[in-house]
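Visitor: Take this structure first; my questions come after.
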Amino acid sequence: MSKKPNLAVVGATGVVGNTVLKVLEEREFPFDNLYVMASAKSAGKTISFKGKDYIIEELTEHSFDIPIDIALFSAGGETSKKYAPLAAAKGVIVVDNSSAWRMDPDVPLVVPEVNPDDVWRNKGIIANPNCSTIQAMLPIKPLHDKYRIKRIVFSTYQAVSGTGVKGIEDLKQGLAGNDLLIAYPHPIAGNCLPHIDSFLENGYTKEEMKMVNETKKILGDESIRITATAVRVPVFDSHSESINLEFEKPFELDEVRSLLSSFKGCTVADDPENNVYPLARQAAGKDDVFIGRIRRDYSVDSGLNLWVVSDNIRKGAATNAVQIAELLIK
Ligand code: A2P
């Protein structure tokens with residue numbers, strides 16, 4: 001793109017959309033015109049960006065009749081299903097945060113540190129992976145390249161901000177003694193809910209199968225055996241994950257540490273003797289993926305355990321989407 005792009009942020013009033021605007025501002029993303037869109041409910045209200053007020057427009061079938069180059073969508077799966085193809089047909093490149101298009105073979109699924117070149121296979125829609133998948137991909141990529149992963153066991157401890165405004169409200173109210181049950185079927189305060197998104201016939205949740213399928217697509221390797229258990233925990237921001245890996249090749253822990261420390265976007269925080277390991281509250285508000293508790297899994301020949309924490313709204317959603325847009329304008 002030679003000129004500065006015209007940008008649209010769809011779902012600008014939501015938790016992710018709001019952070020997309022913040023990240024665009026922080027990273028000084030170049031643009032000519034910016035359009036902020038949401039549902040009819042928000043139309044006419046204003047959003048401040050770089051000291052200027054922008055009027056929120058209702059997203060309609062005509063929203064993309066004006067010249068827009070890149071649209072960052074964070075307005076839920078149903079909205080993306082309907083409007084992303086309409087935008088793409090008018091020449092817009094959509095970076096979509098929902099799960100609607102992720103497994104479509106014509107839609108690249110991109111983590112910029114891992115598979116940046118996939119963006120160029122786009123036919124108008126590029127998908128941002130699931131938040132839990134994104135943060136897992138950064139440590140997994142250099143280890144897979146070096147030792148070939150045979151099997152992965154994901155166990156997640158996911159923050160309520162991943163459910164949007166309703167999830168945050170359920171935990172806030174629950175901590176104050178009122179169990180709201182707006183976002184979840186059980187109280188989240190004082191509980192761990194082994195239930196994220198809906199249950200499938202195979203007994204897994206959709207969230208768990210997203211981790212399984214999206215990991216294979218991003219790494220371009222269908223042969224890795226993967227299982228996942230996704231749990232919602234009473235934490236406001238940042239997802240934590242236990243990742244157990246089994247490799248084909250032998251490894252040395254020192255080399256693993258150095259591979260992880262030098263991979264872009266990763267920070268190793270691993271000094272258990274001094275109580276140093278990644279924590280949700282420390283990761284919140286940052287863009288890096290934090291990795292600690294790096295240790296051998298002695299139950300198999302070549303196994304490794306990791307504890308991986310990242311801000312689910314930033315790297316897990318908004319920052320990753322803005323990084324994809326940055327690849328497009330390079
Ligand atoms: P609105 O605030 O006008 O309802 P969250 O996941 O944090 O709740 O945010 C969802 C985002 O998606 C909000 O910005 C919301 O706008 C937007 N949204 C939801 N439904 C639609 C729709 N049909 N058209 C456009 N934006 C939508």
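Visitor: Relative contact order for the chain using alpha-carbon pairs under 8 Å, separation at least 6, rounded to a whole percent?
Guide: RCO, the chain: 18 percent.
Visitor: Another question about this same structure. With no solvent and one equal point scatterer per Cα, compute the Debye intensity ratio I(q)/I(0) for the chain at 0.07, 0.16 Å⁻¹ and report its log10, rounded to two decimals.
Guide: -0.28, -1.41
Visitor: Tell me which residues come under 5 Å, amide H to amide H, from A43 once H is placed; ignore anything under 5 positions away on its chain.
Guide: none
Visitor: On the protein heavy atoms, probe 1.4 angstrom, tell me the percent of accessible surface of the chain carried by carbon and sulfur.
Guide: Carbon with sulfur: 49 percent of the solvent-accessible area.
Visitor: Using the Karplus equation 6.51 cos²θ - 1.76 cosθ + 1.60 (θ = phi - 60°), what ³J(HN,Hα) coupling, rounded to whole Hz, does each residue of segment 290-295 give in order, writing x for Gly and Pro?
Guide: Karplus-based 3J(HN,Hα) across segment 290-295 equals 9, 10, x, 6, 6, 8 Hz.
Visitor: Treating only the Cβ atoms of Lys and Arg (+1) and Asp and Glu (-1) as charged, compute the dipole magnitude of the chain about its Cα centre; round to the nearest 20 debye.
Guide: 220
Visitor: Give the distance, in whole Å, between the Cα centre of segment 180-249 and the Cα centre of segment 107-152.
Guide: Each part reduced to its Cα centre gives a spacing of 17 Å.
Visitor: Restricting to DSSP loop positions (anything but H, G, I, E, B) with no more than 16 other Cβ atoms inside 10 Å of their own Cβ, which GluC sites (Glu not before Pro) remain in segment 221-275?
Guide: E222, E248, E252
Visitor: Using θ = phi - 60° and the Karplus curve 6.51 cos²θ - 1.76 cosθ + 1.60, what whole-Hz ³J(HN,Hα) does each residue of segment 55-70 get, with Gly and Pro shown as x?
Guide: After applying 6.51 cos²θ - 1.76 cosθ + 1.60, I find 7, 6, 9, 6, 6, 9, 5, 9, 4, 9, 6, 7, x, 10, 8, 10 Hz.
Visitor: Related question: Report for segment 132-312 the percent antiparallel among DSSP-assigned beta bridges with both residues inside it, nearest 5.
Guide: Bridges in segment 132-312 that DSSP calls antiparallel: roughly 70 percent.
Visitor: Looking at segment 125-176, which trypsin sites (Lys or Arg not before Pro) are DSSP coil and have at most 15 other C-beta atoms within 10 Å of their C-beta?
Guide: Sparse-neighbourhood loop trypsin sites (Lys or Arg not before Pro): R148.
Visitor: May I pose another question? Looking at segment 61-124, which GluC sites (Glu not before Pro) are DSSP coil and have at most 11 other C-beta atoms within 10 Å of their C-beta?
Guide: Hits after loop and neighbour filter: E61.
Visitor: Report the gain in length on full extension from A176 to E26: 0.36 nm times residue separation, minus Cα-Cα distance, nm rounded to one decimal.
Guide: Answer, rounded to one decimal: 50.6 nm.
Visitor: Report relative contact order for segment 132-312 in percent, whole number only (criteria: Cα-Cα under 8 Å, sequence separation at least 6).
Guide: 28
Visitor: Calculated from DSSP H runs of 4 or more alone, at -39500 (n - 2.57) each and per residue, what is the 222 nm mean residue ellipticity of the chain, nearest 500?
Guide: About -8500 deg cm²/dmol.
Visitor: Amide H to amide H, which residues 5 or more places from N312 or on other chains are under 5 Å from it, using H placed in the peptide plane?
Guide: S238, H239
Visitor: Could you check the spin-label model distance between K81 and L327? Points 7 Å from the Cα along Cα→Cβ, value in nm.
Guide: About 2.6 nm separates the two model spin labels.
Visitor: Against the empirical 2.2 N^0.38 Å scaling, what ratio does the C-alpha Rg of segment 84-165 come to?
Guide: Against the empirical 2.2 N^0.38 Å value, I get 1.25 for segment 84-165.
Visitor: While we're looking at this one, here's another question. Suppose we keep just the DSSP beta bridges with both residues in the chain; what percent of those would be antiparallel, to 5?
Guide: 50
Visitor: Given H placed 1.01 Å from N in the peptide plane, which residues other than close sequence neighbours of I93 have an amide H under 5 Å from its amide H?
Guide: I70, A71
Visitor: Along the charge dipole of the chain, Cβ charges K/R +1 and D/E -1, which of P139, L59, T215 sits furthest on the positive end?
Guide: In the chain, that residue is L59.
Visitor: Taking the convex hull of the Cα atoms, report for segment 132-312 its projected area averaged over all directions, in nm².
Guide: Here the figure is 11.0 nm², rounded to one decimal.
Visitor: Dipole of segment 132-312, Cα-centred, from +1 at each Lys and Arg C-beta and -1 at each Asp and Glu C-beta, to the nearest 20 debye?
Guide: The calculated dipole for segment 132-312 is roughly 180 debye.
The values are calculated or read from the model by the stated rules, or taken from the named source; none is laboratory data. In this text, all values refer to a predicted model and were calculated from it rather than measured experimentally. Every residue, glycine as well, gets a Cβ built from its backbone with ideal geometry; the counts of neighbours run over all protein chains shown. In case anyone asks, the SASA skips ligands and DNA or RNA and just uses the protein heavy atoms, side chains included. Shrake-Rupley method; radii C 1.70, N 1.55, O 1.52, S 1.80 Å.
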